[in-house]
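**Q** Just passing along the structure, written as structure tokens.
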Amino acid sequence: MAGVSAELDGILSLEELEGFAEMLFRPPSGVIVKSYTEDDQRRIAQMKIEFQKRAKK
């Protein structure tokens, strides 16, 4: 499924990533989200690390 992966490709900042992850992993009641895989979770974690590294430079 390319849905989550394709959306991750368009994320350009830590703030965007955190908002996306929050909605994906802890959506508000009644909100239907796309299904995601362990690979998606790992990619989100790796992207967060990379954004944080860039912010420190």
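**Q** Given a Förster distance of 35 Å, report the FRET efficiency between residue 26 and residue 56 from their Cβ-Cβ distance, rounded to the nearest 0.05.
**A** Details: r = 27 Å, r/R0 = 0.76.
Step by step, r from the Cβ atoms, then E = 0.85.
**Q** Moving on to the next point. Can you tell me the 0 to 90 degree angle between the C-alpha axis of helix 14-25 and the longest principal axis of the chain, rounded to 10?
**A** Taking Cα atoms only, the helix is inclined about 30 degrees.
**Q** Which entry in (i) 85; (ii) 74; (iii) 60 matches volume of the Cα convex hull per residue in Å³ derived from the coordinates of this structure?
**A** (ii)
**Q** Give the aspartates and glutamates reachable from residue 56 as a straight Cα distance under 20 Å; neighbours fewer than 8 places away on the same chain don't count.
**A** 15, 16, 18
**Q** Oh, and also: How much area per residue is accessible in the chain when the probe is 1.4 Å and only protein heavy atoms are counted (Å²)?
**A** On the way: 4290 Å² over 57 residues.
So the chain comes to 75 Å² accessible per residue, rounded to a whole number.
**Q** What ranking, highest mean first, results for peptides 13-25, 44-56 when packing means the other Cβ atoms within 10 Å averaged over each residue?
**A** Peptide ranking by packing, descending: 13-25, 44-56.
**Q** Also: Report relative contact order for the chain in percent, whole number only (criteria: Cα-Cα under 8 Å, sequence separation at least 6). Could the numbers behind the result be given before it?
**A** Values: 22 pairs, mean separation 25.9, N = 57.
Once divided by the residue count of the chain, the mean separation gives 45 percent.
**Q** May I ask you to list the lysines whose Cα is less than 27 Å away from that of residue 34, ignoring any residue fewer than eight positions away on the same chain?
**A** Here the lysines satisfying the reach criterion relative to residue 34 are 48.
The values are calculated or read from the model by the stated rules, or taken from the named source; none is laboratory data. All values reported here derive from a predicted model rather than from experimental measurement. Every residue, glycine among them, receives a Cβ derived from its backbone with ideal geometry; neighbour counts consider all protein chains shown. Ligands, DNA and RNA are stripped out before the accessible areas are found, and what is left, the full protein with its side chains, is counted by its heavy atoms. Shrake-Rupley method; radii C 1.70, N 1.55, O 1.52, S 1.80 Å.
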